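Report on one structure; see the data block that follows.
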Amino acid sequence: MKKILFALLLISHAALAQKISIKGKVLDGDDKPLPSATVILLNPTDSSLVNFGASKADGSFELKNVNKAEYMLRITFVGHKTFSYRVVPTADQLVVDIGVAKMEEAKTELDEVVVRGDKAPVEIKGDTIVFNATSFKTKQNDNVEELLKK
């Protein structure tokens, strides 16, 4: 019985040794921390989600109890480009520190914006009806009667 218990203890210890932690710090271009940045750990073969978390107020993050394997780490933050990092732990490594993840600002330049408005074709002011003649298509020599018919 003692041999079985000892063997189970060794197997559970070996299984625990196969877990790692991945940590780092997320900063913007001005070296200011980015709190609540989304940190995603993906399987590199099919991009399936393995683990996720968010950075703390100081920009630090840690993903704990992850199986020792190769992963793709992605960090996203609104207004910044996605940061990607390939995680490849060594055989004796229990903590993978990616260091500082610098997030570049995502700049999007828009073309010009033109705002056009149309005036209401008919406006009622009290007991008076006001027609906006430019709202109606007329010919050059049309008279008021033709405008009112339209």
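Just to check I understand the Karplus step: with θ = phi - 60° and J = 6.51 cos²θ - 1.76 cosθ + 1.60, what whole-Hz values come out for the stretch 62-72, glycine and proline as x?
Calculated HN-Hα couplings, in order: 8, 9, 9, 6, 9, 4, 6, 6, 7, 9, 10 Hz.
Spin-label point model (7 Å from Cα, Cβ direction): what's the Leu49 to Lys19 distance in nm?
The modelled label-to-label distance comes out at 2.1 nm.
Among Lys68/Lys107; Lys23/Lys107; Lys25/Lys107; Lys32/Lys64, which pairs are too far apart, with a Cα-Cα distance over 26 Å? The partial results should precede the final answer.
Numbers: Lys68/Lys107 36 Å; Lys23/Lys107 28 Å; Lys25/Lys107 22 Å; Lys32/Lys64 24 Å.
Going by Cα-Cα distance, Lys68/Lys107; Lys23/Lys107 fall outside the 26 Å limit.
With θ set to phi - 60° and the Karplus curve 6.51 cos²θ - 1.76 cosθ + 1.60, what are the ³J(HN,Hα) couplings of the stretch 99-107 in order, to the nearest whole Hz, using x for Gly and Pro?
Once rounded to whole Hz, the list reads x, 9, 9, 8, 9, 7, 6, 8, 9.
If you take all C-alpha pairs in the stretch 20-150, what percent of them are over 19 Å apart? Don't jump to the answer; show the numbers that get you there.
On the way: 5436 of 8515 pairs.
For the stretch 20-150, the fraction of Cα-Cα distances above 19 Å is 64 percent.
Given the Cα-Cα distance of Asn65 and Asp127 and 0.36 nm per residue of separation, how much length would full extension add, in nm?
Numbers: separation 62, 0.36 × 62 = 22.32 nm, distance 7.74 nm.
Length gained between Asn65 and Asp127: 14.6 nm.
Take each of the peptides 121-130, 64-73, average the number of other beta-carbon atoms within 10 Å over its residues, and list them starting from the highest.
On the way: 121-130: 8.7, 64-73: 15.2.
Going from most to least packed, we get 64-73, 121-130.
Convex hull over the Cα atoms of the stretch 79-135, averaged projected area in nm²? Don't jump to the answer; show the numbers that get you there.
Values: hull surface 38.2 nm².
Answer in nm², one decimal: 9.5.
Taking the Cα centre of the stretch 49-150 as origin, sum charge times position over the Cβ atoms of Lys and Arg (+1) and Asp and Glu (-1), and report the length of that vector in debye to the nearest 20.
Values: 15 positive and 16 negative charges, 42 e Å.
Once rounded to the nearest 20, the dipole reads 200 debye.
Since every read-out is calculated from the coordinates, none of them should be taken as a lab result. Small disclaimer: the values here were computed from a predicted structure and weren't measured. Neighbour counts run over all protein chains shown; Cβ positions are idealised from the backbone, glycine included.
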